[in-house]
1. Given the conditions (1) under 26 Å from residue 381 (Cα atoms); (2) part of a helix (DSSP H, G or I); (3) without any contact (Cβ under 8 Å) to a residue 60 or more places away in the chain, which single one is not true for residue 348?
2. Do you know which residues across the range 413-451 are over 26 Å from residue 597 (Cα atoms) and within 14 Å of the ligand (Cβ to nearest atom)?
3. Go over the candidates 52, 106, 71 one by one and state the one that is within 16 Å of the ligand (Cβ to nearest atom) and either crowded, with 18+ Cβ neighbours inside 10 Å or under 29 Å from the mean Cα position of the chain (by Cα) (or both).
4. Take the range 410-434 and flag every residue that is assigned to a loop (DSSP other than H, G, I, E, B) and surrounded by fewer than 22 Cβ atoms within 10 Å (Cβ to Cβ).
5. Where residues in the range 21-49 are in contact with a helix residue (DSSP H, G or I) (Cβ under 9 Å, 6 or more places away or on another chain) and not in a loop (DSSP other than H, G, I, E, B), which of them is farthest from the ligand (Cβ to nearest atom)?
6. In contact (Cβ under 8 Å) with a residue 60 or more places away in the chain, under 22 Å from the mean Cα position of the chain (by Cα) and away from the ligand (no atom under 16 Å from the Cβ): does that describe residue 198?
7. Which of the residues spanning the range 231-260 are touching a helix residue (DSSP H, G or I) at 6+ places or on another chain (Cβ under 7 Å), in contact (Cβ under 8 Å) with a residue 24 or more places away in the chain and within 16 Å of the ligand (Cβ to nearest atom)?
8. Quick check on my filter: what residues within the range 447-477 are surrounded by fewer than 23 Cβ atoms within 10 Å (Cβ to Cβ) and in a loop (DSSP other than H, G, I, E, B)?
Ligand code: AHR
């Protein structure tokens, strides 16, 4: 049941309490805050890419899944072949033969847990076909609903030709159904080869053909992230080296990007997803482009020559590491090199002659043991020699403390990594009690990148509860107070499909039709929209369970104060704001998240319970404000 705070009760609670004093010195701006401070971390987990952000609606479009017809239902005579393929990297295709009888022949695709169709919206269909007969053949393309009723048919005439040809059609849906399907039928007797059968909404992010799902990309843009780490996580490492993420296989024409099994397909035996593969349609070019679109600096992470150490732990011998190092050097050329260079030319060919201004690279994900620094050292040697302008991120291993962590930090110092990536998936209490984690960290040597973190509310089945968000906010005030050391932070993971997920909590949930922003999302947004440029000294007295930070935003001259009250009581706070001569900081805006219910969550398809609210604020002469119970508050004071 929701707790209510009648006015009289509030007053009684307030007067019973001593006041919390917060003193901020706006006359002494301290360390600069990294312009890349608050960001996002994308990994293809929970159907984040195929079936998620990547707009493709057809699953197994190239018939390359090991079970070649997974996702497809076949009707009549359908065989699989790979002779004289349309695409070398994805050679398998379907051969549909229709006889003279009335019996239909064709294929039906179930999409990723269905295909979301919306009435009146258009969908771009395309396929590669080969009609080696002497006469034209007719191909029917249908949008059907979840129970197989046909709502839209387009008939394409396929001219006879020896080779492959691309056919395209734009279909308007006459129904709304989140579980629709796509059907392709050979309507005239004969044989047709077909491959790369694709369907995208026309309305993609930025209207790019074959692009990203607009609502999901928009939810990223609305976070105002300043750094985007990609493509993972564990998928960077692979369960074995062959399965690792290889960026060179994710650029160029999408049809020629080879399929890779997604390790989250089988990683957790209690959450198997046998139909989870990486088409790489969302590949490195698209990651760079998306980073640019949303104003985030790109932070690609590459394999360091170690497969996941929780799994096979396969190691590339040190004397065979050069191709891995070349991947890093070539990636810098792909992102930043001149269009006359080999990889810069490919970037230009893909539509982006201007450089992507990559400034960071991560080598390795959650690695540990001597095998890691040994390999990182070899990367660093060549990266420093050829690209001193690129900052290199090393790893502190998978845990935020312990033997490996204690071994790796001195190693990162010894090697001179620019930043060290720390990961913490911990319970809410850990986040509350570690808000001062960085106060006493050494200031010399590498900076900190909080590259993966999320509060796991185990008591509530690790759901994205308000409690988890509140505890992250408390912790993030500590990151901000220590912004001289902590230069970037990215919550993890980013996306999860409600019907196909392996890991939770996650920042953004979606189904095929809708997207839901979690309380954790709004915490990230509050911080990312209000970072400021300099840390301000802040002291909090008599403030148990109150978490604070303050910054100065030099371009606007505003002071930004963040206060998290974890208690279930309103809190009387006195703000002592020492202002430079002639300034007062007496009014501005107050944006806040509040809930009386720590277990509250938002849900896909339902109105959001938890979202930020904003109101004007005036600070009276005595500086007294009342901070709501269980709230995250951002005051922008002018
Ligand atoms: O974010 C999910 C996983 O957690 C990442 O892939 C990995 O780096 C970490 O263990």
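The values are calculated or read from the model by the stated rules, or taken from the named source; none is laboratory data. Fair warning: this is a prediction, and the values are worked out from it, not measured in the lab. Using ideal geometry, Cβ is built from the backbone for each residue, glycine included, and neighbour counts are taken over all protein chains shown.
1. (1)
2. Across the range 413-451, the qualifying residues are 421, 422, 423, 449, 450, 451.
3. Numbers: 106 fails: within 16 Å of the ligand (Cβ to nearest atom); 71 fails: within 16 Å of the ligand (Cβ to nearest atom).
Just a single option satisfies the conditions, and that option is 52.
4. Start the filter on the range 410-434 by keeping residues that are assigned to a loop (DSSP other than H, G, I, E, B), which leaves 416-418, 427, 434.
Once the filter is applied, which keeps residues that are assigned to a loop (DSSP other than H, G, I, E, B) and surrounded by fewer than 22 Cβ atoms within 10 Å (Cβ to Cβ), the range 410-434 yields 416, 418, 427, 434.
5. Within the range 21-49, the match that is farthest from the ligand (Cβ to nearest atom) is 38.
6. So residue 198 fails the test.
7. Residues satisfying the conditions are 231, 234, 235, 238, 239, 243, 244, 245.
8. 456, 461, 462 - these are the residues of the range 447-477 that are surrounded by fewer than 23 Cβ atoms within 10 Å (Cβ to Cβ) and in a loop (DSSP other than H, G, I, E, B).
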